[in-house]
Amino acid sequence: MDTRISTGNRTDFIDTILQLGAARSSAYVCFANVHMLVEAHNDPSFRKILDGAAIVSPDGSPVAAAVGWFHGQQQERVAGMDLLPALLAEAAQRNQSVYFYGTTEEVLATMVARARRELPTLRIAGTHSPPFRPLSPEEDAAEVAAINAADPDLVFVALGCPRQERWMANHQGQIRACMLGVGQAFPVYAGLEQRLPTWARKLWLEWAYRLWLEPKRLWRRYLITNSHFLYLMAQRTIFRTGNNLKTVS
């Protein structure tokens, strides 16, 4: 679907992200699920944002499976919900600092409480819950200045897709840290939203669980977006098969 996906195991992703943070590289990391790839396919400006990311992690199981199907290499799912706690633990080990940006004050407070309880050596540089509206240039400049003054290595961003990806791309070169768009990982880490057990996630049932939790908001996304993704994958498979037959003949 013309979007580049990063490959490797979970340890590779963690190490590379922390290297970006240590270098204070103004880079950003996207966690690609089906919704994000279809959005990029339909919107060239959003595809350009994904192309500008230092890492595009295969967040969704179908995305990881598609990488394996089209490129002949097994690729595990590397989801933001799983990487967030792992990155916090490794950041504590490496004495790197983190900043949480997005969602609500309640979620942020609960996240910080858990992190301080489980990772007492983790350096939490700061948190901020921005208003749910476009910021004025003055407000945005003040938030950027506050983040840079806190001097984090990693900035975890939870504004929802595609808002958080656009925010990170717009602030590349301004924020001196590695930014990660982890979205729904915030309330999950805070314990305010449960995840399915591992066996159910391996059966790709997480979308059904999310739909059950938020049917009014998500039914259209899953019905239309997932169907579009399957159509595009089938189309690409037929195209590839045709090319292979021509090569053989």
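Conditions (1) modelled with pLDDT of 95 or more; (2) small (Gly, Ala, Ser); (3) out of contact with any strand residue (DSSP E or B) (no Cβ under 8 Å at 6 or more places or on another chain); (4) part of a strand (DSSP E or B), marked per residue:
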| position | (1), (2), (3), (4) |
| --- | --- |
| Phe156 | yes, no, no, yes |
| Gln172 | yes, no, no, no |
| Arg201 | no, no, yes, no |
| Trp212 | no, no, yes, no |
| Phe229 | no, no, yes, no |
| Met233 | no, no, yes, no |
| Thr237 | no, no, yes, no |
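Within the range 119-128, the set of residues being open to solvent by 60 Å² or more (accessible area, probe 1.4 Å) and of a type in the set (S, T, N, Q) comprises Thr121 only.
Against the list (1) touching a strand residue (DSSP E or B) at 6+ places or on another chain (Cβ under 9 Å); (2) under 21 Å from Leu50 (Cα atoms); (3) in a helix (DSSP H, G or I), the condition Arg166 fails is (1). Arg116 meets the conditions (1) open to solvent by less than 20 Å² (accessible area, probe 1.4 Å); (2) assigned to a helix (DSSP H, G or I) in every case but one. The failed one is (1). How many of the residues in the range 129-143 are under 12 Å from Ile175 (Cβ atoms) and surrounded by 15 or more Cβ atoms within 10 Å (Cβ to Cβ)? Within the range 129-143, residues that are under 12 Å from Ile175 (Cβ atoms) and surrounded by 15 or more Cβ atoms within 10 Å (Cβ to Cβ) number 2.
Of all residues in the range 94-111, those that are within 16 Å of Leu159 (Cα to Cα) have Cβ atoms under 8 Å from Cβ atoms of residues that are open to solvent by 30 Å² or more (accessible area, probe 1.4 Å) and at pLDDT below 95, 6 or more apart or on another chain, in Glu106/Leu192; Val107/Leu192. In the set (1) under 15 Å from Val182 (Cα atoms); (2) open to solvent by 40 Å² or more (accessible area, probe 1.4 Å), the condition left unmet by Glu39 is number (1). Listed here are the helices (runs of 4 or more DSSP H) enclosed by the range 1-110 that have at least 1 residues being modelled with pLDDT of 95 or more and closer than 21 Å to Gly173 by Cβ: 10-22, 44-51.
The values are calculated or read from the model by the stated rules, or taken from the named source; none is laboratory data. Here the structure is a predicted model, which means the values were calculated and not measured. A quick note on method: Cβ atoms are made from the backbone with ideal geometry, for glycine too, and the neighbour counts reach across all protein chains shown. The accessibility values were calculated without ligands, DNA or RNA, using every heavy atom of the protein model including side chains. Shrake-Rupley method; radii C 1.70, N 1.55, O 1.52, S 1.80 Å.
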